[in-house]
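Novice: Okay, here's the structure, questions in a sec.
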Amino acid sequence: MSTQKYLTEILLFSELPEGWDGYGALSPSEEVIKNAVSILGDIHPDDDLEITPNTNGTISFEWLDPESQTTRIHLEIGQTRASMYIKTDDTKTLFFDYENIHLSKPTVDTDLSPYI
């Protein structure tokens with residue numbers, strides 16, 4: 001899937017109404033959409049990328065590391081926070097948490113760099 005198709009998918013999340021899941025889910029805010037679009041420009045996944053809205057108003061990206069083909073990366077983007085876990089091929093799991101993603105975006109990029 002091309003970056004443009006992923007971008008379209010993210011932008012469609014802005015149309016989700018409050019309670020979109022039937023159980024009171026929050027719709028992603030404009031800030032969450034902007035953050036997700038910004039991160040999309042930094043990752044270069046192949047067709048394996050899954051982008052999903054979460055019931056707490058965040059957006060998740062999940063993909064397989066194209067080089068190892070066994071390492072999975074999960075990145076959840078919020079308004080001011082992001083979290084990520086990386087499950088490596090040797091069954092190790094690495095966790096990262098970012099308090100202010102606007103200020104720490106270079107740190108997110110550095111942590112992701114081996115996997116993009």
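The values are calculated or read from the model by the stated rules, or taken from the named source; none is laboratory data. Bear in mind the structure is a predicted one, so any value in this text is a computation, not a measurement. Using ideal geometry, Cβ is built from the backbone for each residue, glycine included, and neighbour counts are taken over all protein chains shown.
Novice: Counting only residues that are surrounded by 12 or more Cβ atoms within 10 Å (Cβ to Cβ), at pLDDT 85 or above and in contact with a strand residue (DSSP E or B) (Cβ under 8 Å, 6 or more places away or on another chain), give me the strands (runs of 3 or more DSSP E) lying completely in segment 57-106 with at least 1 of them.
Specialist: Here the list reads 59-64, 72-77, 82-87.
Novice: Something else: If I ask for residues that are surrounded by fewer than 20 Cβ atoms within 10 Å (Cβ to Cβ), modelled with pLDDT under 85 and in contact with a helix residue (DSSP H, G or I) (Cβ under 7 Å, 6 or more places away or on another chain), which ones from segment 40-56 would you list?
Specialist: Hits for segment 40-56 are 42, 43.
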